[in-house]
Amino acid sequence: MDLTRSVRNTCGQAPLVQTGDEYELNEAVRGQVEFEEQDLRRRMPEGPFDLVLCRHLAFTYFDEALQRDVLARIIERTRPGGVLVTGKQERLPAPADRVTPAGGDLGIYRVSRP
């Protein structure tokens, strides 16, 4: 999957630039990005978000009930067409009705609205 084509900002530019095996934010969109760190068990940022990175945490260490709760809250805060990225080995709890795999088995999901 080509992340630079999958995730685009409102101007139609690819916000990610590949450098070797790594990706970094395109300089033109870097100022538009805000990073937040929260304890998902207690509080979650308000959103809405275009991209949520939740790797090797909620869907690895939380019990299934808490995983379902966290997933529902992530979906509520993600714009239609937004992307959720988990760890490659992580699996979302069932039911995950409003997320569709968008990167094969890479842990990349497209979020939709009902």
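A short reminder: the numbers here are calculations on the coordinates, not readings from a lab. Remember, predicted model here, so these are calculated numbers, not experimental data. Don't worry about glycine lacking a Cβ; one is built from the backbone with ideal geometry, like all the others, and counts go over all protein chains shown.
Enter the Cα centre distance for the pair region 81-114 and region 35-80, rounded to the nearest angstrom. Region 81-114 and region 35-80 have Cα centres spaced 12 Å from each other. To the nearest 0.05, how large is the calculated FRET efficiency for N26 and Y61 if R₀ is 41 Å and r is the Cβ-Cβ distance? Here the calculated transfer efficiency is 0.80. Summing Lys, Arg as +1 and Asp, Glu as -1, what charge do residues with Cβ under 12 Å from the Cβ of E36 carry, E36 excluded? Taking every other residue near E36 into account, the sum is -2. With the highest mean first, a sort of the peptides 47-59, 17-29 on other beta-carbon atoms found within 10 angstrom per residue produces 47-59, 17-29. Between the amide H of L16 and those of N26, distances stay under 5 Å, these residues lying 5 or more places away or on another chain, with hydrogens modeled in the peptide plane. Secondary-structure-derived ellipticity at 222 nm for the chain, considering helices only, amounts to -5500 deg cm²/dmol, per-run term -39500 (n - 2.57) for DSSP H runs with n ≥ 4. Could you work out how far helix 64-77 tilts from the main Cα principal axis of the chain, as a 0 to 90 degree angle to the nearest 10? Approximately 40 degrees, to the nearest 10. When the Cα positions of Q67, V99, Q38 are compared along the charge dipole of the chain, V99 comes out farthest toward the positive end, with charges on each C-beta of Lys, Arg, Asp and Glu. Shown in residue order for region 16-27 are the 3J(HN,Hα) couplings computed by the Karplus curve 6.51 cos²θ - 1.76 cosθ + 1.60 at θ = phi - 60°: 10, 10, 7, 10, x, 8, 10, 10, 9, 5, 4, 4 Hz (x for Gly and Pro). Other residues whose C-beta falls under 14 angstrom from the C-beta of D105 contribute a net charge of +1, scoring Lys and Arg +1 and Asp and Glu -1.
Does region 34-111 classify as rounded, prolate or oblate by the C-alpha gyration tensor (a ≥ b ≥ c root eigenvalues; a/c under 1.5 gives rounded; else a/b over b/c gives prolate, otherwise oblate)? Here region 34-111 falls in the rounded category.
Annotation: amide H-H contacts under 5 Å for T78 (H modelled 1.01 Å from N, sequence separation of 5 or more, or interchain): F49. Phi-derived couplings, Karplus 6.51 cos²θ - 1.76 cosθ + 1.60 at θ = phi - 60°, listed residue by residue for region 28-37: 5, 10, 3, x, 8, 9, 10, 9, 10, 10 Hz, with x used for Gly and Pro.
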